[in-house]
Amino acid sequence: MDMPQKELDAIAAERAKIFTPKWFARLLSGRLSPGDTFWLGNYGILLWVVPALVMLAMLIAISAPGNLDKLVAVGCAVIGFYRLAILRAQLRTNRATPGPKGWRRAGVVWTLLEAAGLLLIAGVFIFGR
């Protein structure tokens, strides 16, 4: 069964709003759905962050190979603090949205563990191994 063009246009218009400054404001304030907050907030953003970090690491490896540890430390710290902001948004949207909470709680724990792991890695690189 084919979807009517009107519905396809609505989907395209909604997707065009993703990853805009206004969308990030809604994300970080907990005004998106719990699923969007978890999946797009935690992993959708990595579609840009990971390639950017890989390119930056390549440039640093070519020009100043001894400084890759600083990139890892800063990258992990920034993403770790970003994950804490997503965690806060998850808590807000989970409270505000009715329905079963089991998977939402699992998402909160998962995000917390990832944030803690990233900040721990950053700490190891900053304060010594």
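As an exercise, identify the chymotrypsin sites (Phe, Trp or Tyr not before Pro) in region 61-129 lying in DSSP coil whose Cβ has no more than 16 other Cβ atoms within 10 Å. Walk me through the numbers before you get to the answer.
Numbers: sites: 81, 82, 103, 110, 125, 127; in loops: none.
For chymotrypsin sites (Phe, Trp or Tyr not before Pro) across region 61-129 that sit outside H, G, I, E and B with at most 16 neighbouring Cβ atoms in 10 Å, the list is empty.
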How large, in percent, is the carbon and sulfur part of the accessible surface of the chain at a probe radius of 1.4 Å? 73
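List the relative contact order of the chain as a percent without decimals, with contacts defined as Cα pairs under 8 Å and 6+ residues apart.
Values: 93 pairs, mean separation 41.6, N = 129.
Answer for the chain is 32 percent.
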Region 16-78: trypsin sites (Lys or Arg not before Pro) in DSSP loop, at most 16 other beta carbons within 10 Å: 17, 31
With 5 Å bins from 0: P(r) over the chain, alpha-carbon pairs, percent: 2, 10, 16, 17, 16, 14, 11, 7, 4, 2, 1, 0
Please give the per residue accessible area of the chain, computed with a probe of 1.4 Å over protein heavy atoms only, in Å². 68
Determine the gain in length on full extension of the stretch residue 18-residue 47; use 0.36 nm per residue of separation and subtract their C-alpha separation, reporting nm with one decimal. 9.2 nm
Taking R0 as 22 Å and r as the Cβ-Cβ distance between residue 29 and residue 56, the FRET efficiency 1/(1 + (r/R0)^6), rounded to the nearest 0.05, comes to 0.15
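The values are calculated or read from the model by the stated rules, or taken from the named source; none is laboratory data. These figures come from a predicted structure and were not determined experimentally. Note that we place each Cβ from the backbone using ideal geometry, even for glycine, and neighbour counts take in every protein chain shown. Surface areas here come from the heavy atoms of the whole protein model, side chains and all, with no ligands, DNA or RNA. Shrake-Rupley method; radii C 1.70, N 1.55, O 1.52, S 1.80 Å.
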